[in-house]
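Below is one structure; the comments refer to it alone.
The values are calculated or read from the model by the stated rules, or taken from the named source; none is laboratory data. Being a predicted model, the structure only gives us computed values, none of them experimental. With ideal geometry, Cβ positions are generated from the backbone for all residues, glycine too; neighbour counts draw on all protein chains shown. Areas reflect the complete protein model, heavy atoms only, side chains present, ligands, DNA and RNA absent. Shrake-Rupley method; radii C 1.70, N 1.55, O 1.52, S 1.80 Å.
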Amino acid sequence: MVSVTIDGQTLEVEAGSTVLMAAERLGIAIPTFCYWKRLPPLASCRMCLVEIEGLRRLQPSCATTVTDGMAVRTNTPLIDETRSSMLDMLLANHPLDCPICDKGGECELQDMVMAYGPRKSEFHDPKRVFHSEDIRLSPVVIMNVNRCIQCQRCVRMCEEVVGAVALGTVEKGMDTAVTGFEGSLASCDQCGNCIEVCPVGALMSFPYRYKARPWDLVETDTVCPHCGTGCQLTVGTRKGEFMRVRSKWDEGVNRETLCVRGRFGLDFVSGRDRIERPMIRRNGALAPVSWDEAADYLRRRLSAVEDKAAGGLASPRLPNEVLYQFQKLMRRVFRTNNIDCSSRWSAPFDTLGPLLAAFYSRAPLEEVIANDCVLVVGGNVTEENPVTEYLLRDGARRRQTALLMLSARPSRLEADARVVVRVPPGGETASLAAVVAGLLAAAGHALPGETFADIEATIGGPPVNSDSDGPGRLASALKESRSVTVLVSVELLRSPEARATLQQLNNLLQVLRLLGKRLAMQFLFDRANQLGAWDMGVLPGLWAVTDDATRATLARNWGADTPSEPGAGLDAMLELCVGGGMGALYLAGADPLIAYPDRDFVTRALGAADLLIVQDTFLTDTAGLAEVVLPAAGYGEESGTFTNNEGRTQKIRKFREPAFEARGNLAIFDFVAALRSQTLQPSTEGGIFDEIARRVPAYQGLTQDGLGADGAFTKAVPLPPAGEFFAPPPAAKAAGGLMLITGNCLFHNGYLSERSEILNTVADDPYVEMSAQDAAQLGFSDRDPVVVRSALGELTAKLKVNKRFPKGLVFLPENYRALRLNGLMRRGVYPCPVEVHRATASACLTGSTSNPKDRHQGTDGGLPDPASRLDQ
Ligand code: SF4
Ligand code: SF4
Ligand code: SF4
Ligand code: FES
């Protein structure tokens, strides 16, 4: 520690702190322009100059390190005069067009001139003009170069935090101009972080341009609904209409950054295909009815199917309170434990539950990625959790964290990784097994002999499929690290081998723990409240419903018995439907028809349920098949909490009223329960939160008031480690031909992003990604229209050749409305074997999906009309 005195106040700060940091701790404001907390100092603007005793010249406080005994002044006449002339110089060239500048009213230059600037300018020369008109750099970024004050925050933010390197500068000195490559942003993520950090109106949001003045906006702090990173953001509305999103520099996991989905993808709230009124199916078509008519109809239909099985599927984008109440509704009123929360896969909860209980770290991401090494397994973090990627990059570049990456799909972050291991799709399981074997071989002697022998007896002989040296390099990096973080992409759950993958992950974590590593593990969820959904028990089997004591506790809390039969996941529920055994299937915010593998099968299954109830905000494909559709409040129309990947529970706030006749999700559950002459108490958001804080172990002790600006962390429940080791997976057969995988792309990650007009504009056409090697072999060039054909269907899209892609792999993003790729996928088979052929250009203008059967043999999966089953 070193001691420093600033404006007469003395304090001790850590060695290496800057004068600016020390002043901040004392609450002394020093004006800055080029300084930005998470960027290395540039020290170019000279706004932060201070006097340091013993030094003749003023020094930039942002780049001057405190030395012991240093005495600093921040407010002398010389400093005032220097700041004033610096501002005068900036104003000499800055256009005085504040009345029409989007930044007017929240401009740092305006504020700074008011606080420190001259009242009269010394400069009378004509102003420098780079361009007479604003330049549209991208669909979302527009630039007025004349207003630029050359702080370079944007360039540094783009390169060092986002990793995109889309901006640069030309010329020097006062003629320095920020620009993209040849006047546009070629490799731009469209994240708008450059706009966020621009202190003036040089970089601006095109979608927000000239829409509102800051003082007209009502601003609401809430949480992004798009992925599990859980970024905080501030929504601006005017007269209830959505206007823009901004981030705050000092709050949330994300601090000032957002990705394109968070900053520009919230306009879906004004999406056009809202469900306006309740609907029931009459004569094969959905007909709007009043809530009272819907009640009469649904009451009769629920009675008609009450003797059959029921099932419920809820979206992991719903708030905790809604999810908790949903599972309560299903268990208490529908008397079933058939509950799930993913439309894309059925999680192997028997393995998942113990893994989460033993290893999930509910701690700030910033803390867990400060470990010596971070292993990222599966997926593509750049496109699934972009802001998590920014933080991982920062860890690798500024804190020298060893980044290790093991995945089938390449990502941009690999450029900052120390070890990259590419595996065939699904090959993560075998590689994890090989890493465990390698670790034991290298460090097993450090374990007690008996423990080592026990583990070896289970995991068996030499590593499987370990012909590459990748697992060995991972094992040796893990061995050298004292603290290890494992981040797991939820994409791994798509594979039929998901159970084996989780088992090998469990083996690895146990070995690391036995070797004395300080350990952290978190999932990288691509849905905003996936961890919350699991915590709330929206998954069969995570709560021990077969256990008498658990049910007795539930009965005491809920005032009613709950069923003791173990529940079914989505796949088993769909099977039940097809077999004619499903009475009421209740879907809340879930759209399995666009997501679950084998669209024909899902269509048949949903059509075969006696009573399909869909509660949703938008008229989804699945809602189009329902017998009863209930319009629900959407994101921003009700409040509650989300729990992000870190286990941080944060408030989501309402910023507009429910549209049309939509009701809050909780009110709809009350409505449905009342039709079965039951009540769900408590039924308010606050009451349910309190019950969650009593009932759900990880949430115990949380209070709504305690969820401050940064939320509050749920707590890992101290359970003994699972202790069990699992045998390695059988050696996988080498797959020939092309294999199709899917997942999120940067611009789309679900049916919310599909409804954002801005994201649809920036996302361009749907595409098929393939290696340069495969493309050359097949005679394709970038942007050629191609047909991807599986045994079940085919689709056409433009080819995107990716030099970093492994041979044999084809990637199709999951969420493009024009491509429903679950029509190609077969249940239980992932990755999906495909062929790729050249298409005619006209077939590919927007992308399209079709089923060969429809074209050649006629469709055989017709949807039965649920109305024909009605007892009218
Ligand atoms: S929008 Fe994002 S990626 Fe594009 S230039 Fe700005 S910071 Fe860089
Ligand atoms: S565009 Fe904005 S952020 Fe970039 S250098 Fe100019 S003033 Fe600074
Ligand atoms: S990283 Fe995820 S939570 Fe953050 S802004 Fe992007 S989509 Fe939203
Ligand atoms: S903020 Fe210190 S020199 Fe710019």
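Identify all residues within segment 674-688 that are assigned to a helix (DSSP H, G or I) and among the small types (G, A, S); write none if there are none. Before the answer, list the steps.
Within segment 674-688, the first condition is being assigned to a helix (DSSP H, G or I), and the residues that meet it are 674-675, 685-688.
Those that are assigned to a helix (DSSP H, G or I) and among the small types (G, A, S): A674, G686, G687.
One line per residue, one yes/no per condition, for (1) more than 15 Å from ligand 2 (Cβ to nearest atom); (2) open to solvent by less than 70 Å² (accessible area, probe 1.4 Å); (3) out of contact with any Pro (no Cβ under 8 Å at 6 or more places or on another chain):
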site	(1), (2), (3)
I28	yes, yes, yes
F33	no, yes, no
A43	no, yes, no
E53	yes, no, yes
R56	yes, no, yes
D68	yes, no, yes
T76	yes, yes, yes
S85	yes, yes, no
C101	no, yes, yes
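Residue count for segment 637-673 satisfying the condition of being part of a loop (DSSP other than H, G, I, E, B) and surrounded by fewer than 23 Cβ atoms within 10 Å (Cβ to Cβ): 12.
Please determine, by comparing only the residues of segment 245-292 that are more than 14 Å from ligand 3 (Cβ to nearest atom) and over 30 Å from G624 (Cα atoms), which one is least open to solvent (accessible area, probe 1.4 Å). That would be D250. Given the criteria at pLDDT below 85, closer than 30 Å to S753 by Cβ and not basic (K, R), does L524 qualify? Criteria not met by L524.
Quick check on segment 108-120. Is at least one of its residues more than 28 Å from P41 (Cα to Cα) and in a loop (DSSP other than H, G, I, E, B)? Quick ask: steps written out before the conclusion?
Step one: list which residues in segment 108-120 are more than 28 Å from P41 (Cα to Cα), which gives 119-120.
When the remaining residues are screened for being in a loop (DSSP other than H, G, I, E, B), the result is 119-120.
Within segment 108-120, one or more residues are more than 28 Å from P41 (Cα to Cα) and in a loop (DSSP other than H, G, I, E, B).
Say whether the condition of being at negative phi and assigned to a loop (DSSP other than H, G, I, E, B) is met by at least one residue in segment 230-237. Checking segment 230-237: at least one residue is at negative phi and assigned to a loop (DSSP other than H, G, I, E, B).
Working carefully through the options L286, L298, L313, L302, find the one that is assigned to a strand (DSSP E or B) and more than 29 Å from the chain's Cα centre (by Cα).
Details: L298 fails: assigned to a strand (DSSP E or B); L313 fails: more than 29 Å from the chain's Cα centre (by Cα); L302 fails: assigned to a strand (DSSP E or B).
Unique residue meeting the criteria: L286.
Of all the numbered requirements in (1) more than 16 Å from ligand 1 (Cβ to nearest atom); (2) of a type in the set (S, T, Y); (3) surrounded by 21 or more Cβ atoms within 10 Å (Cβ to Cβ), T351 misses one, and that requirement is (3).
Scan segment 19-36 and give yes if some residue there is assigned to a loop (DSSP other than H, G, I, E, B), of a type outside the set (D, E) and within 16 Å of ligand 1 (Cβ to nearest atom), otherwise no. Yes, segment 19-36 has at least one match. Count of segment 44-60 residues, restricted to those that are more than 6 Å from ligand 4 (Cβ to nearest atom), over 11 Å from R83 (Cβ atoms) and assigned to a strand (DSSP E or B), is 3. One residue stands out among those in segment 244-271 that are more than 17 Å from G750 (Cβ to Cβ) and acidic (D, E): the one that is nearest to ligand 2 (Cβ to nearest atom), which is E256.
Before we move on, is D764 at positive phi and open to solvent by 30 Å² or more (accessible area, probe 1.4 Å)? Talk me through it step by step, then tell me what you get.
Details: at positive phi: yes; open to solvent by 30 Å² or more (accessible area, probe 1.4 Å): yes.
The answer is yes for D764.
Does any residue of segment 767-774 turn out to be crowded, with 20+ Cβ neighbours inside 10 Å, of a type in the set (A, V, I, L, M, F, W, C), part of a strand (DSSP E or B) and not assigned by TED's automatic domain parsing to the domain that holds L570? Yes, there is a match, as at least one residue in segment 767-774 is crowded, with 20+ Cβ neighbours inside 10 Å, of a type in the set (A, V, I, L, M, F, W, C), part of a strand (DSSP E or B) and not assigned by TED's automatic domain parsing to the domain that holds L570.
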